[in-house]
1. Mind checking which of Ile238, Ala153, Gly133 is farthest towards the positive end of the chain's charge dipole, using Cβ charges of +1 (Lys, Arg) and -1 (Asp, Glu) about the Cα centre?
2. What list do you get for Lys158, Lys59, Lys77, Lys47 if you sort them by fewest beta carbons within 10 Å?
3. Can you give the FRET efficiency for Asp96 and Ala2, using 1/(1 + (r/R0)^6), R0 = 51 Å, r = Cβ-Cβ distance, to the nearest 0.05?
4. By how many degrees, 0 to 90 and rounded to 10, does the Cα axis of helix 17-28 deviate from the longest principal axis of the chain?
5. Which value, in debye to the nearest 20, describes the size of the charge dipole of the range 8-239 about its Cα centre when Lys and Arg Cβ atoms bear +1, Asp and Glu Cβ atoms bear -1, and nothing else is charged?
6. Could you put Thr78, Thr189, Thr12, Thr165 in order, starting from the residue whose Cβ has the fewest other Cβ atoms within 10 Å?
7. Please compute the modelled spin-label separation between Glu44 and Asn150, points set 7 Å along Cα→Cβ, answer in nm with one decimal.
8. For the range 1-140, what is the relative contact order in percent, using Cα pairs closer than 8 Å and at least 6 residues apart in sequence?
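What follows draws every value from the coordinates through simple rules; no lab data is involved. This structure is a prediction, so every number in the text was calculated from the model and none was measured. Every residue, glycine as well, gets a Cβ built from its backbone with ideal geometry; the counts of neighbours run over all protein chains shown.
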Amino acid sequence: MARFDNKVAIVTGGASGIGLETVKLFLNEGAKVAIGDFSDKGPEVVKSLGHGGDVIFVKTNVTSEDEVKNLINTTVKTFGKLDIMFANAGIAKDADITELPLKQWQMTIDINLTGIFLSDKYALEQMLKQGNGGAIINSGSIHSLVALPNVTAYGAAKGGVKILTQTLAATYARKGIRVNAVAPGYIDTPLLDAVNPGMKEQLVKLHPLGRLGKPSEIAKVVGFLASDDASFVIGATIVADGGYTSV
Ligand SMILES: NC(=O)c1ccc[n+]([C@@H]2O[C@H](COP(=O)([O-])OP(=O)(O)OC[C@H]3O[C@@H](n4cnc5c(N)ncnc54)[C@H](O)[C@@H]3O)[C@@H](O)[C@H]2O)c1
C-alpha cells in the first residue's frame, strides 16, 4: 500500500517549482490531486503528468475568496473529500522599504499570507465537516525565521505564516487536523529566475552545503508532514535549508 492511497490533496501553486514536485510525489504515492494555480500552463502541466483523471487543474488565484472556495468545492465534487492542503502559492518580488511601493507590498502580503489564510480557512472548514482529521502544510521560508536586507514584504508575509501555522495547529490539534509549515532555504525554481546570476552565486554562499536546494528536496519534507509519520508533529516550521539558518 502506498503512503497516500485513498488520500485527496490540494496543492496551490502546483503548476511550477516546489508545488509541482509535490504534486508528482503525491500522485506517485497514490493520492488524487487538485492543482490550484493561476498559471495558464495548468492544463498543459496536468497533461504532462500522465496520471489521467487522478489529477485536475482548477484555475485559482489564491487571493480571491470565491476562487479558493471554488477550488475546495471542485476538489470535493471530483474526488469526494479533502485530506491534505499544501498552501504553497507565492511570489518573491521585493525591495528595500524606501523603494517598495505600497501596491507591491500589498500584493506580496495578499498572495503569500492572505492566500494561505484563505486556503487554510476553507480547507479546515471542509476537513471539520468530514470529521476525519487532515493535514495542512503551509509554505514558509527561512525568512519565516531570519531576515535578509531588502527582503521586506516577503519576510513579513513568511513571518506571519509561521505564527498563523502555530495558531491553527493549536486550535485544531484535538480535531485531528495537523497544521505545519515547511521553511525552505533558496531553492532553484522559476521563482529565483528573477534574481540575476551574480546574486544567485551570493545566495549559494549563504548555504553551508554549498548549493541551492532542489524542489524535490522540499517535496519530500512536505510528503513527510502530510503523512501519518508526522502524527506528533504539530505547529512546526520544518527547516530544509542546506544549513542556511545554522550559521
Ligand atoms: N524558491 C525558493 O527559493 C523558495 C524558498 C523558500 C520558500 N519558497 C516558497 O515556496 C513556494 C513555491 O515557490 P517556488 O519556488 O516553487 O515558485 P514558482 O514560481 O516555481 O511556483 C509558484 C507557483 O505559484 C503560482 N502562483 C503565484 N501566485 C499565485 C496566486 N496568486 N494564485 C495562485 N497561484 C499563484 C505560480 O503561478 C507558480 O505556478 C512559494 O510560497 C515560495 O515563497 C520558495
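1. Gly133
2. Result, fewest neighbours first: Lys77, Lys47, Lys59, Lys158.
3. 0.60
4. Helix 17-28 and the main axis of the chain meet at about 30 degrees.
5. It comes to approximately 400 debye.
6. Arranged by neighbour count, lowest to highest, Thr78, Thr189, Thr12, Thr165 become Thr78, Thr189, Thr165, Thr12.
7. 3.1 nm
8. It rounds to 25 percent for the range 1-140.
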